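The values are calculated or read from the model by the stated rules, or taken from the named source; none is laboratory data. Just so we're clear, the structure is a prediction, and the values are computed from it rather than from any experiment. In this analysis, Cβ positions are derived from the backbone assuming ideal geometry, glycine residues included, and neighbour counts consider all displayed protein chains. Remember, those area values only see protein heavy atoms, side chains included, never the ligands or the DNA or RNA. Shrake-Rupley method; radii C 1.70, N 1.55, O 1.52, S 1.80 Å.
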Amino acid sequence: MPLPRFHRLTAERRADILRVARAEFARHGPEAASYNQIIALAEISKASAYHYFDGKEDLLGEVLAEVRARLLGALGPWVPVGTDRDFWAGLRAGSARLVGHLGTHPDDRALADAALARAPREESAAWLAAVLDNGIALGVIRDDIDRELLLGVTAGALAAVDGWALAGGTDLDQGWSLLAGLWTAPGGRHA
């Protein structure tokens with residue numbers, strides 16, 4: 001979390017510093033990015049930088065929080081639906097918005113995994129939990145598996161499908177078929 005002096009900067013200056021930091025973290029990775037290089041590129045002195053952030057990890061935390069907010073904004077909230085068809089359409093639409101955002105925001109794409117990994121559990125799981133609850137209520141998603149296990153496996157499957165689509169996967173129906181298979185109880189219907 002940035003220190004109070006950072007918040008006293010103009011909104012434009014704060015955005016500039018975070019933009020430079022995001023680009024460096026994306027280019028080199030969160031671990032390998034140099035705090036000194038970020039400071040130099042943002043055109044702030046080392047003394048000033050330590051008045052704005054406690055250090056590299058503090059700055060990284062703020063950058064990843066902004067990336068997470070943009071990812072969740074692109075995804076949009078899950079609005080519960082009343083039919084199987086609307087459920088799958090809503091899921092596909094949300095995924096398309098997220099893949100579209102990641103395709104046009106390479107820094108967010110490079111930092112997405114780190115941003116989601118560092119998210120508070122309730123923040124990162126809220127959207128997916130709403131999807132699962134709606135799908136279970138509709139009978140689209142099986143209810144014989146522990147909810148936390150289903151949540152984790154579904155998150156992994158969605159991340160894999162989105163990553164595959166970003167890498168050039170063209171037949172997205174394969175991803176949706178995989179997800180439907182994961183969610184369908186043995187002997188149950190496929191969505």
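Before rounding to the nearest 500, sum -39500 (n - 2.57) across all DSSP H runs of length at least 4 in the chain and divide by the residue total; then give [θ] at 222 nm in deg cm²/dmol.
Result for the chain: -23500 deg cm²/dmol, rounded to the nearest 500.
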Accessible-area order (highest first, 1.4 angstrom probe) of the listed residues LEU172, LEU98: LEU172, LEU98
In degrees, nearest ten, helix 172-183 long axis to first principal axis of the chain (Cα): 70 degrees
Accessible area of HIS28 in the full protein assembly, 1.4 Å probe (Å², nearest 10): 90 Å²
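Please give the charge dipole size of the chain, origin at the Cα centre, charges +1 on K and R Cβ atoms and -1 on D and E Cβ atoms. Round to the nearest 20 debye. Kindly include the intermediate steps, with their values, before the conclusion.
On the way: 20 positive and 25 negative charges, 95 e Å.
That gives the chain a dipole magnitude of about 460 debye.
Before I look further, what does segment 72-167 give for accessible area per residue, probe 1.4 Å, in whole square angstrom? Write out the running numbers ahead of the final one.
Numbers: 4910 Å² over 96 residues.
Normalised by residue count, the accessible surface of segment 72-167 is 51 Å².
In whole percent, and with a 1.4 Å probe on the protein chains, what portion of the accessible area of segment 1-131 is carbon and sulfur?
Numbers: 3890 of 6960 Å².
Answer for segment 1-131 is 56 percent, counting heavy atoms of protein chains only.
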Exposure of LYS46 as accessible area (Å², to 10), given a probe of 1.4 Å and all protein chains: 110 Å²
Cα-based helix-to-principal-axis angle, 106-117 vs the chain, degrees rounded to 10: 70 degrees
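Say a site is exposed when it is one of the GluC sites (Glu not before Pro), sits in a DSSP loop, and has at most 16 other Cβ atoms within 10 Å; what is then the longest site-free stretch of the chain?
Values: sites that count: GLU31, GLU43.
With GluC sites (Glu not before Pro) excluded where exposed in loops, the chain gives 44-191 as its longest stretch.
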